[in-house]
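Trainee: Just passing along the structure, written as structure tokens.
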Amino acid sequence: MYFFEIQGGTRLKGTVKVNGSKNAALPIMAACLLTTEPNRIKSVPDLADVRHLTEVLTKLGVQLQRLPDNTLQIQVQDETQSLTDYDSVRKMRASICVLGPLLARRGYAEVSMPGGCAIGDRPIDLHLRGLRALGAQIELKGGNIIAKCKRLRGAELFLGGPFGSTVLGTANIMCAATLAEGQTIIESAACEPEIVDLGNFLNAMGAKISGLGTPRITIQGVDELGGTEHQIIPDRIEAGTFMVAAAITNGELIIENCRTEHLMAFIDRLRLIGVHIEKDNHAVHVCSARRLNPVDVTTQPYPGFPTDLQAQLMALLTLADGNSIITEKIYPDRFMHVPEMNRMGADLRKEGPTVIVAGVRKLIAAPVMASDLRASAALVLAGMAAEGNTIVRRVYHIDRGYQNIEEKLNSVGAKITRASE
Ligand code: EPU
């Protein structure tokens, strides 16, 4: 198992480039199940999660080929296998995004029901309600969801849950509705840029989707979809992580391939903290004031503050000049990084879905354990700011969502070594 040794206290300076978005690439790869024609998807990051979905799709009869420029060529060869087993879903919950496309195209899908997850309870009831509303028959057998239909029928459905809209639920229903008979209206749909990217891809395949980026998405069903070429949007979470990297090391970064319009709530908080952010076409210049102001943050569905940047911002706020309050409204238990940061001298107190961050003068290196993807990114950020050598264990979590993170950070002055134990 790999770990990182991070020599803290270096100031980052230079230029880094953001990859294509993981969370846009995954449902777009799954949507290729909707046609037997070839698709070319550009800027697909080379990450553990993408490789995992590649294996899942291969078992479903899809041929995928990665070209040296991060383009994936994807084409369905055989439509007879429709099972995605527990092992696949256990390794990566996002495997659930094959459910809608499989059902719509093959009329049958068997996908293992996802279990628990490090960031809290993550049910899929809304995905199933949505598919039922489109006429699917769904039962649970041996831990697997078995979904069947002749042809799905368009319907009006409400997809909101106790924590707002669902990203992959919207992806599943939107994909399923493209091939349904008649019109589907999804009310309380996710507005995330990754859903807009998926919708644009589906439209390029011949789907008829309008209202993308709003909570009301309308899909006019078509008889079939064809192949296309598509460029994945930049990863806003990777970009946000680099912004914190500049700020927490008191450094200065130029971040290329970054769309600030996808990060407005996050940038708003960073500016209040005292981080300078200036946009120049698709590059962003980030540098930080020595003094960090405390701020209050509440995670929300897009366009609110993203839960996937909560842990990273917390790392920064541990060093602010005063008390901050961070409230999780998407995953109330997504705070596994709190005790680890406290081991590094942070002063964090968790009260239900809220963490009170009392700023400290410095962080001190310690051995810490990564528990999930974004928590591990936050620990790397904390390690870069800490005094001494921090060891972050279980970095396989970070490899799920960041391509060569240590190489990118080292290229702008970080001192991170990957080693195996
Ligand atoms: N929810 C339900 N019922 C459902 C589905 C979701 O109650 O049927 C709840 C969830 O428990 C959560 C909220 O709704 O409280 C939002 O969950 P959502 O379904 O939107 O999450 P997701 O689609 O499973 C995606 C990202 C996550 C990201 C969330 C929220 C992908 C592959 N994953 O997950 O990304 O945190 O949206 O923005 O797109 C990550 O990249 O580190 C990551 C976890």
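The values are calculated or read from the model by the stated rules, or taken from the named source; none is laboratory data. Everything numeric here is computed off the predicted structure, so don't read it as measured data. Cβ atoms come from the backbone with ideal geometry, glycine included; neighbour counts cover every protein chain shown. Heavy atoms of the whole protein, side chains included, go into the accessibility calculation; ligands, DNA and RNA do not. Shrake-Rupley method; radii C 1.70, N 1.55, O 1.52, S 1.80 Å.
Trainee: Can you spot the aspartates and glutamates whose alpha carbon is less than 19 Å from Lys329's alpha carbon? Ignore those fewer than 8 places along the same chain.
Mentor: Asp121, Asp125, Glu192, Asp268, Asp296, Asp308, Glu351, Asp372
Trainee: While we're on this one: Given a Förster distance of 22 angstrom, what is the FRET efficiency for Tyr86 paired with Tyr108, based on the Cβ-Cβ distance and rounded to 0.05?
Mentor: Details: r = 18 Å, r/R0 = 0.82.
Efficiency, from the Cβ-Cβ distance: 0.75.
Trainee: Taking K and R as +1 and D and E as -1, what net charge do the other residues with C-beta under 12 Å from the C-beta of Tyr2 add up to?
Mentor: Numbers: positive: Arg393, Arg394, Arg418; negative: Glu5, Asp399, Glu406, Glu421.
With Lys, Arg at +1 and Asp, Glu at -1, the net is -1.
Trainee: Just the Cα atoms of segment 22-231, one point each, no solvent: what log10 I(q)/I(0) does Debye give at q = 0.15, 0.18 Å⁻¹?
Mentor: At q = 0.15, 0.18 Å⁻¹ the computed log10 ratios are -0.86, -1.32.
Trainee: I'd like to know which of Pro123, Gln75, Leu60 lies farthest towards the positive end of the charge dipole of segment 31-147, counting +1 on Cβ of Lys and Arg and -1 on Cβ of Asp and Glu.
Mentor: Pro123
Trainee: May I ask for the net charge around Asn293, where only other residues with Cβ less than 14 Å from the Cβ of Asn293 are counted and Lys, Arg are +1 while Asp, Glu are -1? Present the calculation step by step, with values, prior to reporting the outcome.
Mentor: Numbers: positive: Arg269, Arg271, Arg290, Arg291; negative: Asp268, Asp296, Asp321.
Summing Lys and Arg as +1 and Asp and Glu as -1 gives +1.
Trainee: Same structure again: With the calculation restricted to Cα positions, what are the radius of gyration and Dmax of segment 270-421 in angstrom?
Mentor: That works out to 15.0, 43 Å for Rg and Dmax.
Trainee: Here's a follow-up. Considering amide H positions built from the backbone, and no H for Pro or chain starts, which residues 5 or more places from Gln63, or on another chain, come under 5 Å of its amide H?
Mentor: The list, which skips near neighbours in sequence, is Gln75, Val76, Gln77.
Trainee: Between segment 4-36 and segment 363-421, what's the alpha-carbon centroid distance in Å?
Mentor: 15 Å
Trainee: So how much slack lies between Asn389 and Asp347, counting 0.36 nm per residue of separation and subtracting their Cα-Cα distance, in nm? Spell out each step's value before the answer.
Mentor: Numbers: separation 42, 0.36 × 42 = 15.12 nm, distance 1.96 nm.
Extra length available between Asn389 and Asp347 comes to 13.2 nm.
Trainee: Let me understand the chain better: what is its radius of gyration from the alpha carbons, and its Dmax, in angstrom?
Mentor: Final numbers for Rg and Dmax: 21.3, 63 Å.
Trainee: Which aspartates and glutamates have a Cα less than 20 Å from the Cα of Lys59, not counting those fewer than 8 places away in the same chain?
Mentor: In chain and number order, the partners are Glu37, Asp46, Asp49, Asp78, Glu79, Asp85, Asp87, Glu110.
Trainee: Just to make sure I understand: if all protein chains stay in place, what is the order of Arg236, Arg269, Arg216 by accessible area at 1.4 Å, largest first? Please list the in-between numbers first.
Mentor: On the way: Arg236 25, Arg269 60, Arg216 115 Å².
Most to least solvent-accessible, the answer reads Arg216, Arg269, Arg236.
Trainee: Let me ask something else. Rounded, prolate or oblate: which fits segment 226-342 when a ≥ b ≥ c are the square roots of the eigenvalues of the alpha-carbon gyration tensor, with rounded for a/c under 1.5 and prolate only if a/b beats b/c?
Mentor: Details: a/c = 2.10, a/b = 1.28, b/c = 1.64.
In terms of gyration-tensor shape, oblate.
Trainee: I'd like the accessible area for Thr80, computed on protein heavy atoms only with a 1.4 Å probe and all protein chains in place. Round to 10 Å², please.
Mentor: 100 Å²
Trainee: Moving to a separate point now. Which of these, Gly142, Gly221, Gly322, has the largest mean-square fluctuation under a Gaussian network model of the chain (Cα springs below 10 Å)?
Mentor: Gly142
Trainee: Per-residue accessible area for Glu261 at 1.4 Å probe radius, Å² rounded to 10?
Mentor: Roughly 80 Å² of Glu261 is accessible to a 1.4 Å probe.
Trainee: Sort segment 134-176 into rounded, prolate or oblate with this rule: let a ≥ b ≥ c be the square roots of the eigenvalues of the Cα gyration tensor; rounded if a/c is under 1.5, and if a/c is not under 1.5, prolate when a/b is larger than b/c, oblate otherwise.
Mentor: Working: a/c = 2.23, a/b = 1.25, b/c = 1.78.
Because a/c hits 1.5 or more and a/b fails to exceed b/c, segment 134-176 counts as oblate.
Trainee: Carbon and sulfur together cover what percent of the accessible area of segment 125-203 at a 1.4 Å probe radius?
Mentor: On the way: 1540 of 3060 Å².
Here it works out to 50 percent.
Trainee: Another question, if that's okay. Which of the pairs Lys279/Lys362; Lys42/Lys208; Lys279/Lys415; Lys22/Lys91 have their Cα atoms more than 18 Å apart in this structure? Mind showing how you got there, number by number?
Mentor: Values: Lys279/Lys362 30 Å; Lys42/Lys208 22 Å; Lys279/Lys415 27 Å; Lys22/Lys91 16 Å.
Cα-Cα > 18 Å for Lys279/Lys362; Lys42/Lys208; Lys279/Lys415; rest within.
Trainee: Output wanted: per-residue J couplings in Hz (rounded whole) for segment 256-264, from phi through Karplus 6.51 cos²θ - 1.76 cosθ + 1.60, θ = phi - 60°, x for Gly and Pro.
Mentor: Calculated HN-Hα couplings, in order: 8, 6, 10, 9, 4, 5, 8, 10, 4 Hz.
Trainee: Could I ask something else about it? Could you calculate the contour length gain from Ala358 to Ile325, that is, 0.36 nm times the residue separation minus the distance between their Cα atoms, to one decimal place in nm?
Mentor: Working: separation 33, 0.36 × 33 = 11.88 nm, distance 0.88 nm.
Going from the current span to full extension adds 11.0 nm.
Trainee: Assign unit charges at the C-beta atoms only (+1 for Lys and Arg, -1 for Asp and Glu), then state the dipole size of the chain relative to its Cα centre in Debye, rounded to the nearest 20.
Mentor: So the magnitude is around 400 debye.
Trainee: Per-residue ellipticity at 222 nm for the chain, helices alone: DSSP H runs ≥ 4 residues times -39500 (n - 2.57), over residue total, nearest 500 deg cm²/dmol?
Mentor: Values: 14 runs with 130 residues, N = 421.
Helices in the chain give a 222 nm mean residue ellipticity of -9000 deg cm²/dmol.
Trainee: Which one of Leu263, Leu272, Leu225 has the biggest mean-square fluctuation once the chain is modelled by GNM with Cα springs under 10 Å?
Mentor: Greatest mean-square fluctuation among the candidates belongs to Leu272.
Trainee: With a 1.4 Å probe and all protein chains left in place, how much accessible area per residue does segment 22-231 have, in Å²? List each step's numbers first, then the result.
Mentor: Numbers: 8340 Å² over 210 residues.
Here the per-residue accessible area is 40 Å².
Trainee: Along the Cα→Cβ direction, 7 angstrom out, place labels at Met1 and Ile185. What is the inter-label distance in nm?
Mentor: About 5.1 nm, to one decimal.
Trainee: Would you work out if segment 188-241 is rounded, prolate or oblate? Take a ≥ b ≥ c from the square roots of the eigenvalues of the alpha-carbon gyration tensor; rounded if a/c is under 1.5, else prolate when a/b is larger than b/c, oblate otherwise.
Mentor: Details: a/c = 4.23, a/b = 1.42, b/c = 2.98.
Oblate, since a/c reaches 1.5 and b/c is not below a/b.
Trainee: With just the Cα atoms defining each centre, how far is segment 171-210 from segment 230-256? Give it in Å.
Mentor: Going from one Cα centre to the other spans 28 Å.
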